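J.: Pasting a structure here, questions to come.
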Amino acid sequence: MNKVVENANEAIKGISDGMTVMLGGFGLCGIPENSINALVKSGLKNLTCISNNAGVDDFGIGLMLQGKQVKKMISSYVGENAEFERQLLSGELEVELLPQGTLAERCRAAGAGIPAFFTPAGFGTEVAEGKEVREFNGKHYIMEQAFDSDFAIVKAWKGDTDGNLIFKATSRNFNPLMAMAGKITIAEVEELVEPGELDPNFIHTPGIFVNRIFKGVNYEKRIEQTTTI
Amino acid sequence: MLNKEQIAERIAKELQDGFYVNLGIGIPTLVANYIPTGVSVTLQSENGLLGMGPFPTLENVDADLINAGKQTITTLPGSSFFDSAISFAMIRSGRVDLTVLGAMEVNDKGDIANWKIPGKMVKGMGGAMDLVASAKNIIVAMQHTNRAGESKLLKELSLPVTGLGCVKKVVSNLGVFEITERGFELKERAPGVSVEEIQNSTEGRLVVEGDIPEMVFD
């Protein structure tokens, strides 16, 4: 089975209007830049995007928002994006905000064959509205369900042609979880090598979770806040 | 009255040797600059790092190495990286000893609001809801009043709640308060701030017992 595709345009084939797509990354760290650019060029509409953040105005998912490609955003924090906030407050964009740990666990559950779980995060808040509440050992928990996503797109540091992935530093974040969670998972990597070249002891995402892989190009890796001593 | 740096400095006195600590964005981040001598703590950044170090030099800036505030950082010897599910596993299972957060409002029952102003500002809760739902010890760093001079230490929250009954202590620009079933118990005053000023600036139930000492900075 050949998982390797030529580029981002090839990788996103099959994504169509109205689908749900997960995108890895935290802020702009570890986002699948090549695939996002391909999605922007594709002109796809009415997408539901699951991603911790929504990029910034002129980079990452922010570019998809500028193009009004996103119908609904499922995120935990969107503070860095003025266009996002404008579309949200004006009602153009549907948004579901979730606690970050819940967002992560709903990805993990989807990839682990677990349909739902109970978490204390959000009990007594707007997040709990319409969700089942149960008490375990005297503490309240709300039921959260696994995500159902057509595609997941992740960015790794190194990958092999079998789809095994290794992430670098804090660019790991949501990427391994989303890699498990898509019906079809696309991985873009900085270095693509042959099987056997990555030490099996240090694989973060086993290749079984990855359907398509390609070597990304021209990574900008924009930094939101360059802080130095 | 305390400035932001002094609020952070005062909170740093709460750190104990061996603590795993999560610092929120804003004033809480500054706490790392005042870790007392002889106290060793491990900073957790919820985007996936345990053992966060200081900011890098310009030549060591790495776009793949940031903290939860999206600032470039470094690691310390003994640090580890992990994914977001593992990160919140640590948080929800109570392994983080101390969490320091900012707040828009806190009430005298320890409820906190810090993620949304309906119709005006929606940034999202990030990791705050997970942290407040599970952390053993939460200290809030905040300004005592808003720009109009109205108290942010309240009887009832006016903003959407982030978590219920979770805040143990508030360090504001006016003083240090422990939250108990009796309300905000005033423990220390900021230098030059009178008990009366604090009473006038606090809408929630305030408990003042005996002489309230003024904070001492080294």
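J.: Residues B:Asp83, B:Asp62: which one is free of Cβ contacts under 8 Å to residues at least 12 places away in the same chain, open to solvent by less than 40 Å² (accessible area, probe 1.4 Å) and within 21 Å of A:Ile31 (Cα to Cα)?
T.: Only one candidate qualifies: B:Asp62.
J.: Assess whether A:Leu63 counts as being assigned to a helix (DSSP H, G or I), open to solvent by less than 60 Å² (accessible area, probe 1.4 Å) and within 11 Å of chain B (Cβ to nearest Cβ).
T.: no
J.: Might you let me know whether region A:79-87 holds any residue that is modelled with pLDDT of 95 or more and under 26 Å from A:Lys168 (Cβ atoms)?
T.: Scanning region A:79-87 turns up no residue that is modelled with pLDDT of 95 or more and under 26 Å from A:Lys168 (Cβ atoms).
J.: Also: Tell me, please, whether a residue that is crowded, with 17+ Cβ neighbours inside 10 Å, more than 10 Å from chain B (Cβ to nearest Cβ) and under 18 Å from the mean Cα position of the chain (by Cα) can be found in region A:99-110.
T.: Yes, region A:99-110 has at least one match.
J.: Pairs under 6 Å by beta carbon, first residue of a type in the set (Lys, Arg) in region A:103-114, partner part of a loop (DSSP other than H, G, I, E, B), six or more apart or different chains?
T.: Between residues of region A:103-114 that are of a type in the set (Lys, Arg) and residues that are part of a loop (DSSP other than H, G, I, E, B), the close pairs are A:Arg106/A:Ala146; A:Arg106/A:Phe147.
J.: Which of the residues that make up region A:5-48 are within 14 Å of another protein chain (Cβ to nearest Cβ) and outside any loop (DSSP other than H, G, I, E, B)?
T.: Initially, region A:5-48 is screened for residues within 14 Å of another protein chain (Cβ to nearest Cβ), giving A:22-33.
Residues satisfying the conditions are A:Met22, A:Leu23, A:Phe26, A:Cys29, A:Glu33.
J.: Output the number of the condition that B:Asn3 fails; it satisfies all remaining conditions of (1) open to solvent by 40 Å² or more (accessible area, probe 1.4 Å); (2) under 23 Å from B:Ile91 (Cβ atoms); (3) out of contact with any Ser or Thr (no Cβ under 7 Å at 6 or more places or on another chain).
T.: Going through the list (1) open to solvent by 40 Å² or more (accessible area, probe 1.4 Å); (2) under 23 Å from B:Ile91 (Cβ atoms); (3) out of contact with any Ser or Thr (no Cβ under 7 Å at 6 or more places or on another chain), B:Asn3 breaks only (2).
J.: Condition first: away from chain B (no Cβ under 11 Å), within 14 Å of A:Val210 (Cα to Cα) and assigned to a loop (DSSP other than H, G, I, E, B). Can you find one or more residues in region A:145-156 that meet it?
T.: Looking for residues that are away from chain B (no Cβ under 11 Å), within 14 Å of A:Val210 (Cα to Cα) and assigned to a loop (DSSP other than H, G, I, E, B), one finds none in region A:145-156, hence no.
J.: Can I ask one more? Of everything in region B:83-130, what is facing chain A (nearest Cβ under 9 Å) and of a type in the set (Asp, Glu)? Give them in sequence order.
T.: Quick first cut of region B:83-130, residues facing chain A (nearest Cβ under 9 Å) only: B:83-89, B:91-92, B:111, B:115-116, B:119-130.
B:Asp83, B:Asp111, B:Asp130 - these are the residues of region B:83-130 that are facing chain A (nearest Cβ under 9 Å) and of a type in the set (Asp, Glu).
J.: Picking from B:Leu157, B:Leu186, which residue would you name as being surrounded by fewer than 22 Cβ atoms within 10 Å (Cβ to Cβ), in a loop (DSSP other than H, G, I, E, B), over 14 Å from the mean Cα position of the chain (by Cα) and touching a residue at least 24 places away in the same chain (Cβ under 8 Å)?
T.: Numbers: B:Leu186 fails: in a loop (DSSP other than H, G, I, E, B).
Going through B:Leu157, B:Leu186 in turn, just one is surrounded by fewer than 22 Cβ atoms within 10 Å (Cβ to Cβ), in a loop (DSSP other than H, G, I, E, B), over 14 Å from the mean Cα position of the chain (by Cα) and touching a residue at least 24 places away in the same chain (Cβ under 8 Å): B:Leu157.
J.: What's the number of the only condition in (1) within 14 Å of chain A (Cβ to nearest Cβ); (2) not in a strand (DSSP E or B) that B:Ala148 fails to meet?
T.: Going through (1) within 14 Å of chain A (Cβ to nearest Cβ); (2) not in a strand (DSSP E or B) one by one, B:Ala148 breaks only (1).
J.: Given the conditions (1) closer than 23 Å to B:Val21 by Cβ; (2) crowded, with 23+ Cβ neighbours inside 10 Å, which single one is not true for B:Asn107?
T.: (1)
The values are calculated or read from the model by the stated rules, or taken from the named source; none is laboratory data. Values in this document were obtained by computation on a predicted structure and should not be read as measured data. Cβ sites come from the backbone with ideal geometry, for glycine too, and all protein chains shown count toward neighbours. Each accessible area value is taken on the protein alone, full model and side chains, heavy atoms only, with ligands, DNA and RNA left out. Shrake-Rupley method; radii C 1.70, N 1.55, O 1.52, S 1.80 Å.
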